[in-house]
Amino acid sequence: MVTAVPSTLLFSAVVPMYNVEAYLPDLLESLDRQILGDYALECVFVDDGSTDDSADLVAAWLESSPSPAAAGGRLIRQANQGVSAARNTGLAAATGDWVTFPDPDDFLDDGYFAAVARHLAQSAGFPLTLLATNIVFFREMTGTFEDSHGLKDKFARGPRNVRLADDPEAIQCSMAAAFIPRTLLSASGVQLTSDHHASEDAHAIVRVLLAQTDPAIALVPAARYYYRRRAAGNSATQTYRLRRESFIDRFADYVPIARAASQRPDGLPRWFANHLLYELAWPYLKELDPARRALLSPADKTEFLQISADLCSFIEPRWIRTYSFAALTGELRSLFLAFRGEPLDDQPVWAEAWDQRRRQVLLRYLYAGPPPSEDLRVGGRLAEPAAAKVAALDYFGQTTLWERRLWVCLDGDISIALDGRQRELRFGLAGRTGAIGGPGPAGVSPDLRAAASVSAAAVEAYFSAPRAAERTVPLRRPPALPRSSFADQAKLLARQAGLEAYTVLNQRFPQQFGVHIPTAALGWGPVFRNWPRRLAVESPAARHRYGQAWVFADRARSAGGPAEAFYAHLSRTRSNLDCYFVLDPDTPDWERLTKRGFQLVPFRSTDHLSLFRQADRVIVSGLDESLLRPAPYADYPFPLSRSGLLTLLFPDLGNADLAARLNQWDIDQVVCREGQDWEALTADGTACKLTANEVVPTQLGAWDQVQAKLAEM
């Protein structure tokens, strides 16, 4: 640890480079703009065999820039050996008191080094192992900044120094956004593993912290590190799903570190357990999204599951149960406990959904091992579910944890016992959220959210009440942000402008239009830039016009599928229905359907948004996200939720990601062929979570047969 602070601090910024000429100018410009302070800066650039002009750009900058950052800089060239070897080369050449390792495609806030120097001067005498700076995402495609890093909450209490023994949630995974005393690195002998290219800096940080008997971290929120999300999507963190080392090597390296740490007299430190859980949650959460899940071979998936189980074996069960500072869903918490062989008999049963037409409630619970015996009672009498299935939780093909889903008729108070043990019933998203019990609806007593049995009145009260996220609250103006850079000033102005617009909306428009802006919208400039459109979509006029409508779509930019045929059929046989068809006007199908008399709505128009928000039924033949979420998140960073029922026609069962895609959406009905297709969706052991309640079989054959039949009609 370092306690003394020299009169003038010398920082060494070690920058590894490989073919980053497109991004280097932003970093170099941010170094030029650094605010002066009681520090000196030494920049060590290590070109790792680039085949572009990265090294020449740096050489020209070192020669021509008048900034102190360039004056104290040097360039080292070496044959390509990987980012870790380049960092090790730079570390060996560094002479500073503290070393940091910014990535060449990122950039720094103007007051970055000044904020760190100021904090270290104020912390003289406090034994620090590491200093962490605040990562802010820069989305290159939109040019916007997002303060949404998974570990941002540790900065919420402002600048501070913490002992990890006192605050084990103050973990750090990135060396790019960290400063470490150079003497400490030298004394501990820690270097980055040069033959791996995934989380090697996180491993190094853990080894540095474990080398200290009482590690302590400084947290400096004012030092903002801008992490670039490349528009091309080709950075290491954006191409992880294609790389075996992102899963196997990355986590296998933790096993010997965790094994050695668990053999210490005081055992595995709590902060290290939190670090492992944070790292493990990351790949598992991405498995829920078909566009982000790992592209591994079955053998690699099996190996990764074994590595995960090995790591969980070092973590105390109580720490898994109480981990709460970053994303860890109830499903993953249960899975990690199951990896340890822990019983799950204390898990609640969740009431997840309510079918008002059938008067049925959907119950769901998780279990490991053989299925438990069920004692389901409705009105005190034994009852059978109206529909049920056992679904596989498709995390890398694991077979340790399962879920049971039951639709139960609400003819009285419901209670359930598993393996002879009465289970608590809770309302919520069935363990998919990290919070126990999930968000409560407005006006519902907390006593209704967890009990040994639930009544029909409680179910109806919970599921008919507005969700907590939809409530509005009085305006509270947030404190002004530090004005240390143009980006900060722009963000502050946008936020203030947004708050003023929010005030106008919430004071004037609710009375006139019946529209409220959710609390989640606060501080988002794009919301208020688009508020007239949002008002139109949410207005009583839109509800009156489209509230009874049925809206159809095949794809955003093409028709000719089941939705078109079904629209045509209903137009002939159910003329009283108010039907619309959504399509991009710049397609050949638009003119064809216009001639057929279809009531067409332009894709992503205000009418499109209004229909998908207000229509009684949404009927599609594919899960096209641009159709089902027509309001881009960048323009509407709060949900434009659907109020009507969603029906999917004849899904492509040959799609390997179909189950994951079906599980992503709140689907009310899936129409498919009876027989094999129906079995594939509803049978026990499949990854699809739909039951026989949601899947409607038809005696019509495959889609080509359906099309021919409808053509005849």
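The values are calculated or read from the model by the stated rules, or taken from the named source; none is laboratory data. None of these values were measured; they are calculated from a predicted model. Positions of Cβ are generated from backbone atoms using ideal geometry, with glycine treated the same way; all protein chains shown enter the neighbour counts. All accessible areas refer to the heavy atoms of the entire protein, side chains included, with ligands and DNA or RNA removed. Shrake-Rupley method; radii C 1.70, N 1.55, O 1.52, S 1.80 Å.
The number of residues in the stretch 346-403 that are within 25 Å of GLN306 (Cα to Cα), touching a helix residue (DSSP H, G or I) at 6+ places or on another chain (Cβ under 7 Å) and of a type outside the set (Ser, Thr, Tyr) comes to 9. Looking at this structure, is GLY158 in contact with a strand residue (DSSP E or B) (Cβ under 7 Å, 6 or more places away or on another chain), part of a loop (DSSP other than H, G, I, E, B) and either surrounded by fewer than 17 Cβ atoms within 10 Å (Cβ to Cβ) or without any contact (Cβ under 8 Å) to a residue 12 or more places away in the chain (or both)? When the stated conditions are applied, GLY158 passes them.
Contact map, the stretch 268-282: first residue within 11 Å of ALA202 (Cβ to Cβ) and of a type outside the set (Asp, Glu), second residue open to solvent by less than 10 Å² (accessible area, probe 1.4 Å) and in a helix (DSSP H, G or I), Cβ cut-off under 8 Å, separation 6 or more or different chains; pairs are HIS275/ALA202; HIS275/VAL206; LEU276/TYR254; LEU276/ALA258; LEU276/LEU311.
Here is the figure for the stretch 344-363: residues that are free of Cβ contacts under 8 Å to residues at least 24 places away in the same chain and either open to solvent by less than 30 Å² (accessible area, probe 1.4 Å) or within 17 Å of ASP419 (Cα to Cα) (or both) total 1. When SER148, SER174 are screened for being open to solvent by 20 Å² or more (accessible area, probe 1.4 Å), over 14 Å from LEU209 (Cβ atoms), outside any helix (DSSP H, G or I) and out of contact with any Ser or Thr (no Cβ under 8 Å at 6 or more places or on another chain), only SER148 passes.
Filtering the stretch 219-233 to residues that are part of a strand (DSSP E or B) and either out of contact with any helix residue (DSSP H, G or I) (no Cβ under 9 Å at 6 or more places or on another chain) or among the β-branched types (Val, Ile, Thr) (or both) leaves VAL220, TYR227, ARG229.
In the stretch 313-336, of all residues being within 25 Å of PRO371 (Cα to Cα) and over 22 Å from the mean Cα position of the chain (by Cα), the one that is most open to solvent (accessible area, probe 1.4 Å) corresponds to ARG318. Within the stretch 36-61, restricting attention to residues that are out of contact with any Ser or Thr (no Cβ under 7 Å at 6 or more places or on another chain) and within 17 Å of ALA223 (Cβ to Cβ), the residue that is surrounded by the most Cβ atoms within 10 Å (Cβ to Cβ) is CYS43. For the residues LEU382, LEU296, the requirement of being exposed (fewer than 13 other Cβ atoms within 10 Å of the Cβ) and either at negative phi or in contact with a Cys (Cβ under 6 Å, 6 or more places away or on another chain) (or both) singles out LEU382. Checking the stated criteria, PHE304 turns out not to satisfy the condition of being open to solvent by less than 30 Å² (accessible area, probe 1.4 Å), touching a residue at least 40 places away in the same chain (Cβ under 8 Å), in a helix (DSSP H, G or I) and within 22 Å of ARG404 (Cα to Cα).
Tallying residues that are of a type in the set (A, V, I, L, M), touching a residue at least 60 places away in the same chain (Cβ under 8 Å) and open to solvent by less than 40 Å² (accessible area, probe 1.4 Å) within the stretch 62-83 yields 0. Here are ALA187, ALA204: which of them is in a helix (DSSP H, G or I), open to solvent by 30 Å² or more (accessible area, probe 1.4 Å) and of a type outside the set (D, E, K, R)? Among ALA187, ALA204, only ALA187 is in a helix (DSSP H, G or I), open to solvent by 30 Å² or more (accessible area, probe 1.4 Å) and of a type outside the set (D, E, K, R).
A quick yes/no check of all residues on (1) more than 20 Å from the chain's Cα centre (by Cα); (2) modelled with pLDDT under 90:
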site	(1), (2)
LEU108	yes, no
MET141	no, yes
ASP167	yes, no
SER174	no, no
ARG182	yes, no
HIS203	yes, no
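Here's the yes/no breakdown for (1) more than 20 Å from ILE619 (Cβ to Cβ); (2) surrounded by fewer than 18 Cβ atoms within 10 Å (Cβ to Cβ); (3) acidic (Asp, Glu); (4) touching an Asp or Glu at 6+ places or on another chain (Cβ under 8 Å):
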site: ASP652; (1), (2), (3), (4): no, yes, yes, no
site: ALA656; (1), (2), (3), (4): yes, yes, no, no
site: LEU662; (1), (2), (3), (4): no, no, no, no
site: GLN669; (1), (2), (3), (4): no, yes, no, yes
site: ARG673; (1), (2), (3), (4): no, no, no, no
site: GLN676; (1), (2), (3), (4): yes, yes, no, no
site: LEU681; (1), (2), (3), (4): no, no, no, no
site: GLY685; (1), (2), (3), (4): yes, yes, no, no
site: LYS689; (1), (2), (3), (4): yes, no, no, yes
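Of all residues in the stretch 541-569, those satisfying the criterion of being within 19 Å of THR606 (Cβ to Cβ), in a loop (DSSP other than H, G, I, E, B) and open to solvent by less than 10 Å² (accessible area, probe 1.4 Å) are ALA549, ALA556. Restricting ALA55, ALA59, ALA22 to those that are assigned to a loop (DSSP other than H, G, I, E, B), over 21 Å from TRP98 (Cα atoms) and among the hydrophobic types (A, V, I, L, M, F, W, C) reduces the list to ALA22.
Condition check for ARG292 on (1) in contact with a Leu (Cβ under 6 Å, 6 or more places away or on another chain); (2) assigned to a loop (DSSP other than H, G, I, E, B): one failure, at (1). Selection of the stretch 242-284 for residues being open to solvent by 50 Å² or more (accessible area, probe 1.4 Å) and either at pLDDT below 90 or under 18 Å from the mean Cα position of the chain (by Cα) (or both) yields LEU242, ARG244, GLU245, TRP282. Name the residues in the stretch 332-381 that are assigned to a loop (DSSP other than H, G, I, E, B) and acidic (Asp, Glu), would you? Across the stretch 332-381, the qualifying residues are GLU342, ASP345, ASP346.
Reported count of residues in the stretch 25-52, each being part of a strand (DSSP E or B) and either polar (S, T, N, Q) or more than 13 Å from ALA70 (Cα to Cα) (or both), is 4. Filtered by the rule that a residue be part of a helix (DSSP H, G or I), closer than 18 Å to LEU219 by Cα, in contact (Cβ under 8 Å) with a residue 60 or more places away in the chain and not hydroxyl-bearing (Ser, Thr, Tyr), the stretch 85-123 gives PHE113, ALA114, ALA115, VAL116, ALA117, ARG118, HIS119, LEU120, ALA121.
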